[in-house]
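Following: one structure in structure tokens, then a few remarks.
The values are calculated or read from the model by the stated rules, or taken from the named source; none is laboratory data. Here the structure is a predicted model, which means the values were calculated and not measured. Because the Cβ atoms are built from the backbone with ideal geometry, glycine has one as well, and the counts that use them run over all protein chains shown. Just the protein is used for accessible areas: all its heavy atoms, side chains included, with ligands, DNA and RNA removed. Shrake-Rupley method; radii C 1.70, N 1.55, O 1.52, S 1.80 Å.
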2 protein chains.
Amino acid sequence: MNYSEAKYEMIQQWGVLGSSWGINKTEAQIHGLLMISPEPLSVEDIMEELKISRGNVSMSLRSLMDWGIVHKRFKLNERKEFFESEKDVWKLATKVAQERQKRELLPVIEMLTRIQNIKDPKATKEEVSEINTMSKALLKFANQSDKVLSKFSNADSSWFFSTLVKLIK
Amino acid sequence: MNYSEAKYEMIQQWGVLGSSWGINKTEAQIHGLLMISPEPLSVEDIMEELKISRGNVSMSLRSLMDWGIVHKRFKLNERKEFFESEKDVWKLATKVAQERQKRELLPVIEMLTRIQNIKDPKATKEEVSEINTMSKALLKFANQSDKVLSKFSNADSSWFFSTLVKLIK
DNA sequence: CTAAACTTTCAGAATAAAGTGAAACAAATT
DNA sequence: AATTTGTTTCACTTTATTCTGAAAGTTTAG
């Protein structure tokens, strides 16, 4: 396998992975491209490499910057803006985890908290009992997950990996 | 907040969560509905409750059964089929983790393995070096994640929570 | 200040995903 | 074996998401 085949594979698969993670395909591909690029790339570079429009590249870069995994960079004596990906895999993972925690876990915890301990004479005993039992169990699980994620996000990789080694033995 | 408001909230929020996890909204809502239902429900029950078509309910139930989190159930002296959700939150979480590991992590590991150690005289030294460094780092991380997930999937909840307590202290 | 070079935005077009409903299929009952 | 009851499929419609490209906005240099 030569370099351009490998590059193509990487970008494509990253796109597929992104899709199943709710990140759109093009965004994920741009991220994949930046990740393996030795130099920061300009909007033009990305347009050309992935054959997508200026508007799309611009929007996607903005979104990747919102995720905190792509950064603007200026080169000396160049007006143009360049973009580079976070390359530390640990930092990438924690950034993504942090964002997902914020966007997905917190709203669920908020909802589950709101519906704790329903009492309603109009509903059957079974219905009330079931929703209370489930929402309590789910909330407990969500809170545990939240704590683990917070710990994960703030930890450094060496701590985490040494813990993992113990955990998975 | 009364019972039907809570039920509505739960189903809606579960739908939103599903979407951002790549599970379609309706599927997630059906799962949410089954999760808080004290009795297994029939296709008709679900159609009526969520105002969706027979075809859609049927397809969605099939997919949820593929995930392993919804099961068919027969009631005595009833020809009709009923469906119920797995209600053990721990089992739910491990099933989902298992499926995602299989659908998402394994293909990425496969790809990263294939592109290890690219050599190509036509590409620049920097390009080759960068893709090799990144793919190696990503593969290491993916393999670690795979191990953790396997451990997680096969563990029982009591082991996991006692480990967590230590981990997050 | 004006022009040139570059960047961003956004309305509408294109594409993809989800949902419908009627027809085909299957099973059980008489 | 015919009818009734229930289930599944799939071509088509609807809805949602993504992408384009031209216009507006910025910045820098002369």
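From the list A:Ser42, A:Ser37, which one is among the hydroxyl-bearing types (Ser, Thr, Tyr), under 22 Å from B:Pro121 (Cα atoms) and in contact with a strand residue (DSSP E or B) (Cβ under 9 Å, 6 or more places away or on another chain)?
After applying the criteria, what remains is A:Ser37.
Since A:Glu84 meets every condition but one in (1) modelled with pLDDT of 95 or more; (2) of a type in the set (Asp, Glu); (3) within 16 Å of DNA strand C (Cβ to nearest atom); (4) in a helix (DSSP H, G or I), which condition does it not meet?
(4)
Sort through B:Ile11, B:Ile46 and tell me the only one that's within 30 Å of B:Phe161 (Cα to Cα) and in contact (Cβ under 8 Å) with a residue 12 or more places away in the chain.
After ruling out the rest, the residue left standing is B:Ile11.
Within 15 Å of DNA strand C (Cβ to nearest atom), more than 20 Å from B:Lys7 (Cα to Cα) and modelled with pLDDT of 95 or more: does that describe B:Asn56?
yes
Select the helices (runs of 4 or more DSSP H) contained entirely in region A:1-55, then report the ones holding at least 2 residues which are within 7 Å of another protein chain (Cβ to nearest Cβ) and of a type in the set (A, V, I, L, M, F, W, C).
A:3-20, A:25-36
Does region B:78-93 contain any residue that is in contact (Cβ under 8 Å) with a residue 40 or more places away in the chain and basic (Lys, Arg)?
Yes, region B:78-93 contains at least one residue that is in contact (Cβ under 8 Å) with a residue 40 or more places away in the chain and basic (Lys, Arg).
Considering each of A:Lys25, A:Lys91 in turn, give the residue that is within 16 Å of DNA strand C (Cβ to nearest atom), open to solvent by 30 Å² or more (accessible area, probe 1.4 Å) and not small (Gly, Ala, Ser).
A:Lys25
I need a count of the residues in region A:110-119 that are buried (at least 17 other Cβ atoms within 10 Å of the Cβ) and either touching a residue at least 24 places away in the same chain (Cβ under 8 Å) or touching a Phe, Trp or Tyr at 6+ places or on another chain (Cβ under 7 Å) (or both).
Final tally of qualifying residues: 2.
Do we find a residue being facing another protein chain (nearest Cβ under 10 Å) and either over 27 Å from B:Ile36 (Cα atoms) or acidic (Asp, Glu) (or both) anywhere in region B:80-87?
Taking every residue of region B:80-87 in turn, none turns out to be facing another protein chain (nearest Cβ under 10 Å) and either over 27 Å from B:Ile36 (Cα atoms) or acidic (Asp, Glu) (or both).
Filter region B:29-53 down to residues that are crowded, with 23+ Cβ neighbours inside 10 Å and near DNA strand C (Cβ under 10 Å from one of its atoms) and give me whichever is nearest to A:Glu99 (Cα to Cα).
Once the filter is applied, the top-ranked residue is B:Gln29.
Out of (1) crowded, with 17+ Cβ neighbours inside 10 Å; (2) outside the structural domain of A:Gln29 (by TED's automatic domain parsing); (3) of a type in the set (S, T, N, Q), what's the single condition that is false for A:Ser60?
Status for A:Ser60: all satisfied but (2).
Just to verify a result, which residue in region A:121-156, among those that are more than 26 Å from B:Met1 (Cα to Cα) and open to solvent by 40 Å² or more (accessible area, probe 1.4 Å), is modelled with the lowest pLDDT?
Checked region A:121-156; the qualifying residue modelled with the lowest pLDDT is A:Asp156.
Suppose we keep only residues that are more than 21 Å from A:Lys122 (Cα to Cα) and surrounded by fewer than 19 Cβ atoms within 10 Å (Cβ to Cβ) within region B:1-16. Which one would you say is modelled with the highest pLDDT?
Among them, the one singled out is B:Gln12.
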